[in-house]
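Trainee: First, the structure itself, so that you have it in front of you.
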2 protein chains.
Amino acid sequence: MHNIKAYSAAGATSPLTSTKIARRDPTEHDVEIEILFCGICHSDLHSVRNEWSEFMPTAYPIVPGHEIVGRITKVGSAVKKFKPGDVAAVGCMVDSDGTCPECRAGFEQFCPNMTLTFNSPDKHLGGVTYGGYSESIVVDQRFVLRVPSNLNLAGAAPLLCAGITTYSPMRRWKVGKGKKVGVVGLGGLGHMGVKFAHALGAHVVVFTTSPNKKEAAHRLGADEVVVSRDAGEMQKHAESFDFILDAVSAEHDINAYISLLRRDGNLTIVGAPPKPLPVAALGLIMRNRSFSGSMIGGIPETQEMLDFCGKHNITADVEVIPIQKVNEAYERLLKSDVKYRFSIDMASLKSE
Amino acid sequence: MHNIKAYSAAGATSPLTSTKIARRDPTEHDVEIEILFCGICHSDLHSVRNEWSEFMPTAYPIVPGHEIVGRITKVGSAVKKFKPGDVAAVGCMVDSDGTCPECRAGFEQFCPNMTLTFNSPDKHLGGVTYGGYSESIVVDQRFVLRVPSNLNLAGAAPLLCAGITTYSPMRRWKVGKGKKVGVVGLGGLGHMGVKFAHALGAHVVVFTTSPNKKEAAHRLGADEVVVSRDAGEMQKHAESFDFILDAVSAEHDINAYISLLRRDGNLTIVGAPPKPLPVAALGLIMRNRSFSGSMIGGIPETQEMLDFCGKHNITADVEVIPIQKVNEAYERLLKSDVKYRFSIDMASLKSE
């Protein structure tokens, strides 16, 4: 066991401040990673402020961060896939039982014994797991991912959550050439959705409430941009979409988007609005439509996504900040004042 | 053009009474069918009482009925697939443009120019189409279906709507051997769902509010029956279903059923509750679940369903009534006082 620097919050109303935390020494199956960049995900903020207390209460102190890229510094004796010096990544999970049907099917995110990267019981050290707002992390090799060498590392970090969360449902619902795909909400998740849908060869339509986002949407890969408050513009796209990715976590009228789906079309929501969404059954019935949810992705698909990003040179658009600006970044995140994801340059932690 | 006997309603609060209506003489592509049985569907009642006025206002007089089986009496010169004497069926549709992408894909129910069996503009005679509560019907051969010779005709009639409505989503969502399938609501639709899921080889669980329906559910093919008001019983089935057919058109808590789906599981609703259903996004997200609607089925799939019924000797459980009891049957339908579908013996119309 050894102590390292990290940023943690002591309570739901406390800011994140510099601290020290313990990491285990790598076991034979472990990989130790020096963290270079860590993305800021909205769920970091939810957890820090205990906003998900109902189903996932926060244990304090909390060290958030599950969009981690870094360089491997040590590997255990049984680790063959990785070696010191490799660029590697860790996402939302650091462990699972490996034996249940979900794990065997490559859906570790649904394993009943899955360990989240932060705020999950830590079976090695006791207490809870600590995430990526820290100098280094020690992770079982099964949960370590390879990062293609051509990717910008600051921009690659958000792929581990925002990336896989949007990539997975697009693959499941067969987004590709000849398909018309909508993306609702142009934030951290939505902007990745646009990039993936475009790279997969689909015709991409971005829905936005503000006409001044049009140019940015086109730059990300949108073929069309629809101002969702304009009923006439919406109507022009009625019954035409194969797939819509809904990345809005605020309350919104989902039926307006469901009615834009063609026969057999699917709308997948990846943000979780706080209240149940009223869904008109008839809107689903009239064209055999479906409304789904999707939660990150398993390890095999996360690696597939990273490889896809390497091939298409896709990373998130990030604003790189030092760790000292993390509290300010949280406030800006609440106002959607970032294009489109914050990525913490963890070198800044060394000066603490 | 020739006049025939029928039962029609003159207004939203009028009973159905004996009348005469005009049918066209068969054109070269038409088939004339003497109607032997016509099922009573809840949408007959909705239309007669103009309860769907918002999206499908009723034109009076209305002759309902879209679960039609009978014997062919005449065929047009271009009709090769059918001949007088054949047993045939007609469902919810009698025409479509035949050229749009939906028609070409065999999804005539979504053709923008589809003609419903009743209460749709009649392009031959003007006015609106008249349904199966009548002596005979003249239909384009493309919308005439073959009825396997082993099927009881009174019980076969409801296959044309209740049957295809439940069969289609089960095929789409791959119900079969090794799958666990739930059916919510044991009425006209639900009881067909149980029969199909059982015949397709699935493990079938029926959800009911009343414990006294258990025996009947088992007789229809259920392997298990769960009393949905018993939270403990429901909890035992958490995260275990591949597919759930929801045939309840009253308001109900759909999230309780969504939470019973396993990863990638689907719940399809075929009844349309009057108000939007509150859906918890997190329930869909947590296991990549989906919530769908489904509307009857296209002509190719309806024929496939009838052939499947022939092979497995499946018909609806019906209470056969004379047409003179149709108003009484509507009142009983509102109280779910029928096991499980009324089928009108149209020979009774001859005495009018």
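Trainee: Send over a whole-number figure in Å² for the accessible area per residue of the protein assembly as shown, probe 1.4 Å. List each step's numbers first, then the result.
Mentor: Working: 27370 Å² over 704 residues.
With the other protein chains kept in place, the protein assembly as shown gives 39 Å² per residue.
Trainee: Hey, got a sec? Which trypsin sites (Lys or Arg not before Pro) in region A:96-194 land in a DSSP loop and have at most 14 other Cβ atoms within 10 Å?
Mentor: Working: sites: A:ARG104, A:LYS123, A:ARG142, A:ARG146, A:ARG171, A:ARG172, A:LYS174, A:LYS177, A:LYS179, A:LYS180; in loops: A:LYS123, A:LYS174, A:LYS177, A:LYS179.
Loop-located and lightly packed - A:LYS123, A:LYS174, A:LYS177.
Trainee: Measuring nothing but label to label, 7 Å from Cα along Cα→Cβ, what are A:GLN235's distances to the other copies in nm, shortest first?
Mentor: 5.1
Trainee: Please work out the ratio of the alpha-carbon Rg of region A:163-293 to 2.2 N^0.38 Å and round it to two decimals. List each step's numbers first, then the result.
Mentor: Details: Rg = 13.1 Å, N = 131, 2.2 N^0.38 = 14.0 Å.
Computed over Cα atoms of region A:163-293, the ratio equals 0.94.
Trainee: Let me check against my output: what whole-number percent is the relative contact order of chain B, with C-alpha pairs under 8 Å and at least 6 apart?
Mentor: Once divided by the residue count of chain B, the mean separation gives 18 percent.
Trainee: Cα-Cα over 32 Å: which of B:LYS174/B:LYS213; B:LYS123/B:LYS350; A:LYS179/B:LYS195; A:LYS180/B:LYS174; A:LYS80/A:LYS311? Spell out each step's value before the answer.
Mentor: On the way: B:LYS174/B:LYS213 27 Å; B:LYS123/B:LYS350 28 Å; A:LYS179/B:LYS195 36 Å; A:LYS180/B:LYS174 25 Å; A:LYS80/A:LYS311 24 Å.
Those over the limit are A:LYS179/B:LYS195.
Trainee: Given Cα positions, please report Rg to Rh for region B:191-268, the hydrodynamic radius being the Kirkwood one. It would help to have the intermediate numbers written out before the result.
Mentor: On the way: Rg = 11.8 Å, Rh = 12.8 Å.
We get a ratio of 0.93 for region B:191-268.
Trainee: Now, a different point. Ignoring ligands, DNA and RNA, please state the percent of accessible area on region B:210-320 from carbon and sulfur, probe 1.4 Å. Intermediate results must be reported in sequence, preceding the final value.
Mentor: Working: 2220 of 4500 Å².
The value for region B:210-320 is 49 percent carbon and sulfur by accessible area.
Trainee: Kyte-Doolittle cut-off 0.0, length cut-off 15 Å along the helix's own axis using Cα: show which whole DSSP H helices in chain B pass.
Mentor: On the way: long enough: B:162-172 (16 Å, -0.57); B:188-199 (17 Å, 0.40); B:299-312 (20 Å, -0.59).
In chain B, the long hydrophobic H runs are B:188-199.
Trainee: Continuing with this model, one more query. How big is chain B along each principal axis, measuring the range of its Cα positions in Å and listing the largest first?
Mentor: 61, 40, 38
Trainee: List, shortest first and in nm to one decimal, how far the label point of A:ALA10 (7 Å from Cα along Cα→Cβ) is from its counterparts in the other copies.
Mentor: Listed shortest first, these distances are 8.4 nm.
Trainee: Something else about it: Quick one: with all protein chains in place, what share of the accessible area of region A:22-137 is carbon or sulfur, to the nearest percent (1.4 Å probe)?
Mentor: 54 percent
Trainee: Shifting gears a bit: Counting only protein heavy atoms and rolling a 1.4 Å probe, how much accessible area do B and A lose on contact, total for both sides, in Å² to 100? Walk me through the intermediate numbers first.
Mentor: Working: alone 15190 and 15170 Å², together 27370 Å².
So the total buried area for this chain pair works out to about 3000 Å².
Trainee: Now, a different point. What are the trypsin sites (Lys or Arg not before Pro) within region B:219-275 that DSSP puts in a loop, where the Cβ has at most 14 other Cβ atoms within 10 Å? Numbers along the way, then the final one.
Mentor: Values: sites: B:ARG219, B:ARG229, B:LYS236, B:ARG262, B:ARG263; in loops: B:ARG229.
Qualifying residues, ordered by number: B:ARG229.
Trainee: Still on this model: For region B:105-201, go through all pairs of different Cα atoms, get the mean of 1/r, take its inverse, and jot down that Kirkwood value in Å. Don't jump to the answer; show the numbers that get you there.
Mentor: Numbers: mean 1/r = 0.0632 Å⁻¹.
Hydrodynamic radius (Kirkwood, Cα only) of region B:105-201 equals 15.8 Å.
Trainee: Sticking with this structure for a sec: What average number of partner chain Cβ atoms lie no more than 10 Å from the Cβ of the residues making up A:270-278? Present the calculation step by step, with values, prior to reporting the outcome.
Mentor: Working: counts 2, 2, 7, 3, 3, 3, 11, 7, 5.
Counting other chains' Cβ atoms within 10 Å and averaging over A:270-278 gives 5.
Trainee: Counting other Cβ atoms within 10 Å of each Cβ, which trypsin sites (Lys or Arg not before Pro) in region A:57-98 have at most 14 and sit in a DSSP loop?
Mentor: Loop-located and lightly packed - A:LYS80, A:LYS81.
Trainee: How long are the semi-axes of the ellipsoid equivalent to the protein assembly as shown, from square roots of 5 times the Cα gyration tensor eigenvalues, in whole Å, largest first? Don't jump to the answer; show the numbers that get you there.
Mentor: Working: eigenvalues 650, 132, 88 Å².
Here the semi-axes work out to 57, 26, 21 Å.
Trainee: Tell me the net charge near B:TRP52. Cut-off is 15 Å between Cβ atoms, B:TRP52 excluded, with +1 for each Lys or Arg and -1 for each Asp or Glu.
Mentor: Details: positive: B:ARG49, B:LYS275; negative: B:ASP44, B:GLU51, B:GLU54.
Local net charge: -1.
Trainee: Run the label-point distances for A:LYS177 please: 7 Å along Cα to Cβ, every other copy, nanometres, shortest first.
Mentor: Between copies, matching label points for A:LYS177 lie 3.7 nm apart.
Trainee: Also, quick follow-up: Under the rule of at least 5 residues apart or a separate chain, name every residue whose amide H is placed under 5 Å from the amide H of A:MET93.
Mentor: A:THR117
Trainee: Along the charge dipole of the protein assembly as shown, pointing to its positive end and built from +1/-1 on Cβ of Lys, Arg, Asp and Glu, which listed residue (B:PHE110, A:ALA199, A:VAL63) has its Cα farthest out?
Mentor: A:ALA199
Trainee: Ranked highest first by the average count of other Cβ atoms within 10 Å around their residues, in what order do B:5-14, A:322-331 fall? Present the calculation step by step, with values, prior to reporting the outcome.
Mentor: Details: B:5-14: 18.8, A:322-331: 17.3.
Taking the mean over residues of other Cβ atoms within 10 Å, the ranking is B:5-14, A:322-331.
The values are calculated or read from the model by the stated rules, or taken from the named source; none is laboratory data. All values reported here derive from a predicted model rather than from experimental measurement. Using ideal geometry, Cβ is built from the backbone for each residue, glycine included, and neighbour counts are taken over all protein chains shown. Just so you know, the surface numbers come from the protein's heavy atoms only, side chains and all, with ligands and any DNA or RNA stripped out. Shrake-Rupley method; radii C 1.70, N 1.55, O 1.52, S 1.80 Å.
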